[in-house]
Structure formats: C-alpha cells, structure tokens
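In what follows, a single structure is set out as structure tokens and then discussed.
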Amino acid sequence: MGKRTRPAVLVLLWVVCTAATAGALPLEIKGKVHDQYGPVGVERVERWEKLVWDITYHNTADQLRAVNQFFNQLRFRSDREHWQQEDYWATPIETLASNGGDCEDFAIAKYFTLRQLGVPAKRMRITYVKALRLNEPHMVLTYYPDQGEPLVLDILVPDMLPASMRPDLEPVYSFNAEGLWKARTRGEDTRLGDADDISMWRDLRVRLGLGSL
C-alpha cells in the first residue's frame, strides 16, 4: 500500500449514477487514489468498476452474491490499526483504495455499491448486531426480499445466508437512508428516528456528497 495519510486528506466524491453509468469514476478521483495509494490502489478501484459494469443487468440475487464476495476479499483491519482512530466509517473508495477496513466499512461499501446497481434502499438495512461467538459488536448488511427471510451479507461468513442460519448474530438496530429502526421483533419494525441521528452516518454522507441513498 502507498503512503498512508489521514482519511480526511483523501477527499473522494462518490458518484451517484444510474444503472447505465454505474461504476464510472472520474479521472480526478483515480488521480487522488494514485497519489495516496499508488497504482495498486487504482487497480483495486478499477476492479470495482469492472465488477459493477459486468453485473449491472444481472438479477438481484447474482448482484448480491457478487458484491458480497468482492468486498470480502479485502483485508479486515481495525480502525485503530488502519486509520489511527477509535472509530471511522470509511467511504467505499477509501475502503477499496486502502485494501481493507472493519465491519462497518464492508457493510457500507456493499450497501452503496448495490444502490448504484439499482437495488432499492428499502430492501437493505445496515444492521448493527452483537456477534455472540466473538462477544463483541459487529455490523452486517441485510437484504429483505419480497418473500422469504432476510439475507445476511457478512465478512465473518463467506456465504450469503438467510438470517435463520446466523444464530451467532443478535440484531440490535438497523438503518438505511430512509430511517433508523430497533431490531425486528416478530416481523415488526420499531422506528427510532432518522439515520442522520447517527453521527457517523451523517458525517459519512457529508464526505460522500450524497443526498438520499
């Protein structure tokens, strides 16, 4: 990896695209990635571009599987080790360019990539859970289909699995661009407020330059 600087130094705008142009990043962004992470960082970003182009017109199940596998190839690194901060939610480009992140970074990167592919926000929740086997907080992306149980996209388990097959995760709360909810109980939601009530999410959206995604 190239020279590491504080995350704030690398100002990366996330390009909000339609499905037809998803995955296209301006040369300005690639130039900033090159300056900080070198050609290897640019190569990782370009692999993401190719992934998005390749699966733009695939069905949702294939998109979910491909995006989950793609980001799970990156290295897991704690915020203290990776960013020299106690808690930092990286942009997807920061996660890609730096070749790693923690559970929040992976869930966020998967969420925004799938949004660019056209998966509706209402179908996905970034879910804060307790990882029972590790006895520590954890974060995953959860997809809610029209029918059937939610699917969990996680870095602890390579395969995308139905929620009933992940008894090691105890949901606490979930959020997306449309709101913030207490963990689902008997299929019902308890809305707690807006996602922007979470300061880390609010800060992330500001750095991304995004509206409602």
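The values are calculated or read from the model by the stated rules, or taken from the named source; none is laboratory data. Please read these numbers as outputs of a predicted model, since none were measured by experiment. Heads up, the Cβs are rebuilt from the backbone with ideal geometry, glycines too, and the neighbour counts pull from every protein chain shown. Note: areas computed on protein heavy atoms with side chains; ligands, DNA, RNA excluded. Shrake-Rupley method; radii C 1.70, N 1.55, O 1.52, S 1.80 Å.
What the table shows:
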item	result
Residues of the range 124-142 classified as open to solvent by 30 Å² or more (accessible area, probe 1.4 Å) and touching a helix residue (DSSP H, G or I) at 6+ places or on another chain (Cβ under 8 Å), total	0
Residues (free of Cβ contacts under 8 Å to residues at least 60 places away in the same chain and open to solvent by less than 20 Å² (accessible area, probe 1.4 Å)) located in the range 31-41	Gly38, Gly41
Where Thr95 falls short, out of the listed (1) part of a strand (DSSP E or B); (2) under 17 Å from Val52 (Cβ atoms)	(1)
Residue within the range 167-180 that is out of contact with any helix residue (DSSP H, G or I) (no Cβ under 9 Å at 6 or more places or on another chain), of a type in the set (A, V, I, L, M) and open to solvent by less than 70 Å² (accessible area, probe 1.4 Å) present	yes
Residues (open to solvent by less than 10 Å² (accessible area, probe 1.4 Å) and within 23 Å of Arg115 (Cα to Cα)) located in the range 71-88	Phe71
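Yes/no matrix, rows are residues, columns are (1) farther than 25 Å from Arg202 by Cβ; (2) of a type outside the set (Gly, Ala, Ser); (3) touching a Ser or Thr at 6+ places or on another chain (Cβ under 7 Å); (4) modelled with pLDDT under 95:
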| position | (1), (2), (3), (4) |
| --- | --- |
| Gln73 | yes, yes, no, yes |
| Gln85 | no, yes, no, yes |
| Pro92 | no, yes, yes, yes |
| Val140 | no, yes, yes, no |
| Asp154 | no, yes, no, no |
| Asp159 | yes, yes, no, yes |
| Met165 | yes, yes, no, no |
